[in-house]
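Chemist: Attaching a single structure in structure tokens format; questions to follow.
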Amino acid sequence: MQQPAVVVGTDGSWESHAAVRAATRLAALHGESLVVLAVSRPVDTSLTGHRSAQDAARGRGVATATRAVELAHETDSTVHVEAVVLTDLEDPVLKSVAARASRLVVGGHGAGGQSAFSLGSVSEALMRQIPRPVLVTATSRSSRRLRASSSAGAVPKVLVGFRPSIDPTHLLTLAAEEAVVRGVVLRVLTSVPGRGDVAEVQHAVWEAIRADATCADVAAEVEVVREPPEDLLHGEPRETDLLVVGTRGGGTLAGLVRGSVARSVLDDPPCDVLVVPPSVLAVPTRSHASAG
């Protein structure tokens with residue numbers, strides 16, 4: 001069985017280069033390999049001269065992949081890197097990559113990372129083929145300013161936010177894994193709708209944490225609030241190394257984040273965000289592998 005791998009898509013853009021660096025660091029943290037996917041635009045085979053156009057497209061893909069591998073080695077030379085060049089997202093090779101993927105990493109574009117989820121984008125297509133947690137790298141000006149102004153005494157955290165209407169079990173496991181490999185505190189944030197009992201929800205969250213074996217290896221904090229959790233998710237970026245959010249939709253990436261906590265955060269990500277789709281039931285991380 002092949003080793004689980006972090007998968008990152010690259011098109012040669014500045015945002016995708018940032019994603020490659022983030023993916024390399026993520027692979028190093030989890031002791032996994034890195035697979036770089038260079039995707040070229042498909043060529044219309046009905047056009048005259050399409051063969052030469054296909055060759056040119058593949059050449060650009062190879063160049064893009066080569067640069068991405070160089071960036072990965074510059075970021076962390078200990079990570080094993082593999083490059084895959086695709087000119088067609090229906091290529092069966094992508095299925096073999098998806099089978100061993102633990103996480104997919106994409107670069108945020110423009111003013112906010114959620115545009116990486118736009119319909120028809122390569123990121124959206126990769127998400128359909130690789131239904132794994134998606135790390136969206138923060139590249140906006142606001143996130144860079146917040147990181148630069150972070151206080152020296154702040155304790156870094158992995159922050160997981162969700163609404164009480166969803167089952168947080170898998171979210172907590174993934175967030176705890178990220179906190180463990182980073183050596184930081186796990187902060188859990190949820191909300192109580194209307195006149196709900198704050199103490200009851202807080203007790204339920206602590207019970208879920210105690211029941212999760214991964215959470216036993218990390219220091220945890222829990223906060224239950226009455227306001228929407230997305231308001232506070234934007235308010236604590238200085239101490240946050242990673243945000244972990246779940247989604248409630250299905251289908252395309254755009255559908256996954258529509259109207260959810262994830263969508264609000266991705267409009268202007270304050271830091272890197274790990275988006276967990278509802279289709280994720282078992283992720284081939286080290287903890288799952290050891291359990292089997």
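What follows is calculated from the coordinates using simple rules that are stated; it is not laboratory data. Bear in mind the structure is a predicted one, so any value in this text is a computation, not a measurement. Heads up, the Cβs are rebuilt from the backbone with ideal geometry, glycines too, and the neighbour counts pull from every protein chain shown.
Chemist: By how many nm would the segment from GLU74 to LYS95 grow when fully extended, if each residue of separation counts as 0.36 nm and the alpha-carbon distance is taken off?
Modeler: 4.7 nm
Chemist: Run the numbers for GLU227 and ARG195: contour at 0.36 nm per residue of separation, minus the present Cα-Cα distance, in nm. Before the final figure, lay out each step's value.
Modeler: Numbers: separation 32, 0.36 × 32 = 11.52 nm, distance 1.14 nm.
So the chain would gain 10.4 nm between GLU227 and ARG195.
Chemist: At 7 Å along the Cα-to-beta-carbon direction for both ARG210 and ARG128, put a label point, then send me their distance in nm to one decimal.
Modeler: 4.5
Chemist: OK, next. What FRET efficiency comes out for the pair ASP217/GLN3, r = Cβ-Cβ distance, R0 = 22 Å, nearest 0.05? Numbers along the way, then the final one.
Modeler: Working: r = 22 Å, r/R0 = 1.00.
Efficiency, from the Cβ-Cβ distance: 0.50.
Chemist: Report the extension gain between ALA56 and SER13 in nm, rounded to one decimal, defined as 0.36 nm multiplied by the number of residues separating them, less their alpha carbon distance. Intermediate results must be reported in sequence, preceding the final value.
Modeler: Working: separation 43, 0.36 × 43 = 15.48 nm, distance 1.81 nm.
Full extension from ALA56 to SER13 adds 13.7 nm.
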